[in-house]
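The values are calculated or read from the model by the stated rules, or taken from the named source; none is laboratory data. This structure is a prediction, so every number in the text was calculated from the model and none was measured. Counting neighbours? That spans all protein chains shown, and the Cβs are built from the backbone with ideal geometry, glycine included. Ligands, DNA and RNA are excluded from the accessible area calculation, which covers all protein heavy atoms including side chains. Shrake-Rupley method; radii C 1.70, N 1.55, O 1.52, S 1.80 Å.
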Amino acid sequence: MSSPLDILGLTHEALCAEMGLLHEKPGKGTFHGDAVFQALYRHGTFDPASLPAFEANPRLAQKAAERFRLAPPPVTDKQGDGDTYKFLMKLEGGLETESVVIPMRQYKTLCVSSQVGCKMGCRFCETAQMGFLKNLTSGEIVAQVFTARKILNEPIENIVFMGMGEPTDNLDAVITAVRILADQRGLCIPLSSITISTVGNVPGILRLAELAQKPLSEGGLRHLRLAVSLNAPTDGVRDGLMPVNGSWDMAELKAALQRWPLPRPQDFIFAEYVLIAGVNDSREDALALAEYLRGLRATVNLIPYNPRRESPYARPAPESVSAFFRALMDAGQACRIRGTKGDSAMAACGQLGNRALSRRRRAVEAAPSAA
Ligand code: SF4
């Protein structure tokens with residue numbers, strides 16, 4: 001018999017299709033799939049035999065219990081800095097996901113990982129120091145939200161794909177996870193409250209932009225939000241910080257961002273800008289950034305740098321951050337300063353990652369095989 005499917009990785013449609021197979025009757029499955037999906041995401045349980053929908057069909061309940069498994073990876077650690085904390089979940093094989101709970105005014109945001117480690121090599125980022133270890137499955141991505149809401153009892157209403165990894169580098173799993181998170185029959189997180197943050201992968205942006213043209217009911221992801229990790233006003237500065245700029249320069253990136261649909265007046269793209277002392281935080285940089293963003297409906301999130309371990313870069317002084325902010329505003333560019341949360345727990349932006357784990361894994365890979 002095939003091994004049970006991770007139920008957290010199945011969209012409503014996929015779950016119903018699997019249920020149809022268990023029925024062994026074409027066209028069946030939706031009624032029982034609905035019941036399982038709703039119980040799973042509304043109550044956090046998977047116990048088909050206890051659901052009224054299965055009362056008349058205990059054999060089907062048993063088959064479903066054997067076909068699917070609800071086993072979100074266990075939380076192995078929580079590291080907090082006041083209300084902001086990151087939690088780690090241990091995956092099969094020993095790697096860990098990292099997710100950060102961030103309190104907002106009336107709800108909480110969850111920063112989720114799409115990979116363990118990352119290939120992109122941004123020079124200021126802790127995760128980059130780990131290298132790439134694994135793409136997360138859609139179930140492992142959804143498990144981060146499921147765990148935060150149903151096990152840690154956090155009122156998560158907002159999701160940002162800004163944890164470990166580059167989401168467009170694992171896009172099929174990320175898209176499936178977004179569909180599951182947004183499904184109104186389940187967790188029901190509006191697409192306008194889900195943000196995919198990319199380093200500037202142009203084909204990934206274009207694929208998402210196409211999906212963002214159509215509503216969820218037609219297979220699209222309309223109102224999904226996009227953030228681009230810009231961090232530089234010119235190719236010269238960006239080349240020094242982000243190797244991805246060698247694949248798609250800022251002109252190509254801007255052309256892709258112009259394709260992002262912004263149907264409502266309140267829609268905009270987030271331009272993430274990590275301010276690094278002496279690297280990208282001068283008045284000239286601010287003016288060049290405003291010039292680059294002209295013609296794009298974007299809001300700049302200014303993030304004073306959270307130094308990674310052994311970082312060659314430093315956080316700018318608060319006065320430099322304010323001066324940069326004022327220069328952007330005076331140039332007519334919408335922006336805001338994002339407060340730094342979680343830095344003492346290495347839970348802040350650009351600080352996720354477990355280098356010890358990465359070193360251990362490499363040591364294992366380098367060791368001669370016992371076979
Ligand atoms: S900033 Fe994001 S894309 Fe760049 S290395 Fe870090 S995790 Fe990867």
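Where does region 265-315 land on Rg(C-alpha)/(2.2 N^0.38 Å)?
1.32
Report the rotationally averaged projected area of the chain based on its alpha-carbon convex hull, in square nanometres.
Over all viewing directions, the chain projects a mean Cα-hull area of 20.7 nm².
Pairs of Cα atoms under 8 Å, at least six residues apart: use those to get the relative contact order of region 156-278, whole percent.
Relative CO of region 156-278 lands at 24 percent.
Report, in degrees rounded to the nearest 10, the 0 to 90 angle that the Cα long axis of helix 283-293 makes with the longest principal axis of the chain.
So the inclination is approximately 50 degrees.
Express in nm, to one decimal, how much length is gained between ARG264 and ASN153 on full extension, taking 0.36 nm for each residue of separation and deducting their alpha carbon distance.
36.7 nm
What angle do you read, to the nearest 10 degrees and between 0 and 90, between the alpha-carbon axis of helix 58-67 and the longest principal axis of the chain?
Compared with the principal axis, the helix lies near 40 degrees.
Can you tell me the 0 to 90 degree angle between the C-alpha axis of helix 318-330 and the longest principal axis of the chain, rounded to 10?
Between helix and principal axis, roughly 90 degrees.
Counting heavy atoms of the protein chains only and a 1.4 Å probe, report the per residue accessible area for the chain as a whole number of Å².
Averaged over the residues of the chain, the accessible area is 44 Å².
Need one value: the accessible area of LYS90 in square angstrom, 1.4 angstrom probe, rounded to the nearest 10.
Surface accessible to solvent at LYS90 totals approximately 90 Å².
How high is the relative contact order of the chain, in percent, with contacts defined as C-alpha pairs under 8 Å that are six or more residues apart? Please report the intermediate quantities before stating the final value.
Values: 694 pairs, mean separation 54.2, N = 371.
Relative contact order of the chain: 15 percent.
Expressed as a rounded percentage, what relative contact order does region 16-127 have, with Cα pairs under 8 Å and six or more residues apart?
12
Over its Cα atoms, what ratio of radius of gyration to 2.2 N^0.38 Å does region 207-252 give?
This ratio for region 207-252 stands at 1.55.
So if we plug the beta-carbon distance of GLU284 and ASP34 into 1/(1 + (r/R0)^6) with R0 = 51 Å, what FRET efficiency do we get, rounded to 0.05?
Here the calculated transfer efficiency is 0.30.
Take the cross-link list LYS78/LYS134; LYS78/LYS108; LYS108/LYS214; LYS108/LYS254 and give me the ones stretching past 24 Å between alpha-carbons.
Cα-Cα > 24 Å for LYS108/LYS214; LYS108/LYS254; rest within.
Measure off, as a whole percent, the carbon and sulfur share of the 1.4 Å-probe accessible area of the chain, all protein chains present.
With neighbouring chains kept in place, the figure for the chain is 51 percent.
Looking only at the chain, where both bridge partners belong to it, what percent of the DSSP beta bridges are antiparallel (to the nearest 5)?
40
Read phi for every residue in region 254-260 and hand back ³J(HN,Hα) as whole Hz from Karplus 6.51 cos²θ - 1.76 cosθ + 1.60, θ = phi - 60°, with x for Gly and Pro.
4, 4, 5, 5, 5, 8, 6
Determine ³J(HN,Hα), in whole Hz, for all residues of region 24-41 in sequence, where each value follows from phi through the Karplus function 6.51 cos²θ - 1.76 cosθ + 1.60 and θ = phi - 60°; x replaces Gly and Pro.
Using θ = phi - 60°, the values come out as 6, 10, x, x, 8, x, 5, 4, 6, x, 4, 4, 5, 4, 5, 4, 4, 8 Hz.
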